[in-house]
Every structure is written in C-alpha cells, then in structure tokens.
Amino acid sequence: GAVVSQHPSWVICKSGTSVKIECRSLDFQATTMFWYRQFPKQSLMLMATSNEGSKATYEQGVEKDKFLINHASLTLSTLTVTSAHPEDSSFYICSARWEDRGVLFFGEGSRLTVL
Amino acid sequence: GENVEQHPSTLSVQEGDSAVIKCTYSDSASNYFPWYKQELGKGPQLIIDIRSNVGEKKDQRIAVTLNKTAKHFSLHITETQPEDSAVYFCAASKDSGYSTLTFGKGTMLLVSP
C-alpha cells in the first residue's frame, strides 16, 4: 500500500521552544494532507487540512498561530508547534490523500512531550 | 454534519473466534467507509474500505458489510489471531472519499491465545 512517512516519531522539548514535524507521501503525490491530534484512548481529532500551495484550513478551536502548517510540495507537509507548553503534549498524526483513489493513508505518528 | 457511532468500545475474544464491530452513520450522503487498525503507539493503518455501490467486500479474514438503508456498516474478522489485537476505527465520508473523514470513537479488540 501507499506509504506516508512522519518524522520524528518522538520528540521531547522544553516549554517555550518550537517543534517541527514532517509528513511525507513516499510513493504518491498528495494535494491534500491532514493533521490530527490524538489523546490517550480517544479517537483522532482533526486539527487542520493542508492544501499544497495554499493556506491550511483549521478546525474550530485550533489556534493557527500556534500550530503552523506548511504544504510546500505535493509530497511534504510540516506542522510546527510554536512556543510549546506541557498541554501541547500529545500524539500528532498526519495523513495524505491518494487523489487517484480518494483514499487516506496515515503516518506513524509523532509523540510530543513538552517538559 | 456527519456523526459516526461505533460499538462496542471494547471486545474480547478467544483466538480463532470471529469478531464483529458495528458502526452507524447519520448523513445519507456519505458513500465511502474505510476501516483503520491502530496498534499501540502507531498511526492508523487502512485495512479495508467499501463504497456505497457495493454491499460487501472481503479480503482474506476480514470483510465489511454495508446497509445503506439502515445507514450502518460492520467489520467482520474471522479466525482471529493475537496479532489482530488493536484499536479499530470506522469512518465515513462523502464524495467518494474526497471529503473529510468522520471517525468513530474506536473499538479496542483483544484476542486472547
């Protein structure tokens, strides 16, 4: 199946620093990518929709100045958590839509821990 | 908007038994229904999907059925194995998958040897 690579898989940072997470579609082009956040034992919460070459669309309640999304190419989207605080600690997962099939493939997730 | 309900929240079976997870959706315009398996600490993995132009789809030990009239769809796993233990999510989408997916809350499946 199609592969979506997410990096880093885990990161620990100090409060106040910024962290960047990369999401790459390895064997297909993805005009649209999505960023999710998942709390323990809960479902996936959509944060934003990332469209190549245009601004991301954020879900209600998600601070766009805190969670910066860039989708500069058809295979790469990045999520930057700015001025991270302990409450931002979570599991962040990206997904990419394989446009030819309308199917969504997920990355392996990134565990962020803010001290 | 779309609302997807998933049951049960947890399911324990013995190895070799069958497991069934059920989901209902609210938006009759939804026409794409994928199922994802998420192992601990990993991202969700697409295991099977179905579109509203078919009622059933099989892939080895897993199958999905869709009842458009009742607006529910189910995942069936036969001859379960311990490695099937994971959280399973159903989802629904309009526009054949080109609209945002709405996920169920997940089912934790535990297969005991």
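Where a number appears in this text, it was derived from the coordinates with a stated rule and is not lab data. Owing to the predicted nature of the structure, the values given are computational and were not obtained by experimental measurement. Here the Cβ is made from the backbone with ideal geometry for all residues, glycine too, and neighbour counts use every protein chain on show.
Quick notes
- Each residue of region A:12-17 was assigned a 3J(HN,Hα) from its phi angle through the Karplus expression (A = 6.51, B = -1.76, C = 1.60, θ = phi - 60°), giving 10, 9, 7, 4, x, 8 Hz with x at Gly and Pro.
- Separation of alpha-carbon centers, region B:1-41 and region A:43-105, rounded to whole Å: 24 Å
- Likely footprinting exposure, A:Lys41, B:Lys22, fewest C-beta neighbours within 10 Å first: A:Lys41, B:Lys22
- For chain A, a simple Cβ point-charge model (Lys and Arg +1, Asp and Glu -1, everything else neutral) yields a dipole of about 200 debye relative to the Cα centre.
- Hydrodynamic analysis of chain B uses the Kirkwood radius over alpha carbon pairs. Inserted into Stokes-Einstein at 37 °C and 0.692 mPa s, it gives a translational diffusion coefficient of 235 µm²/s.
- For the protein assembly as shown, a simple Cβ point-charge model (Lys and Arg +1, Asp and Glu -1, everything else neutral) yields a dipole of about 280 debye relative to the Cα centre.
- In the calculated pair-distance distribution of region A:11-115, the portion above 17 angstrom amounts to 49 percent of the Cα-Cα pairs.
- Pair-distance distribution P(r) for the protein assembly as shown, from all Cα-Cα distances in 5 Å bins starting at 0: 1, 7, 14, 18, 19, 16, 12, 7, 4, 1, 0 percent.
- Region A:48-95: equivalent-ellipsoid semi-axes (sqrt of 5 x gyration tensor eigenvalues, Cα, Å): 19, 12, 10
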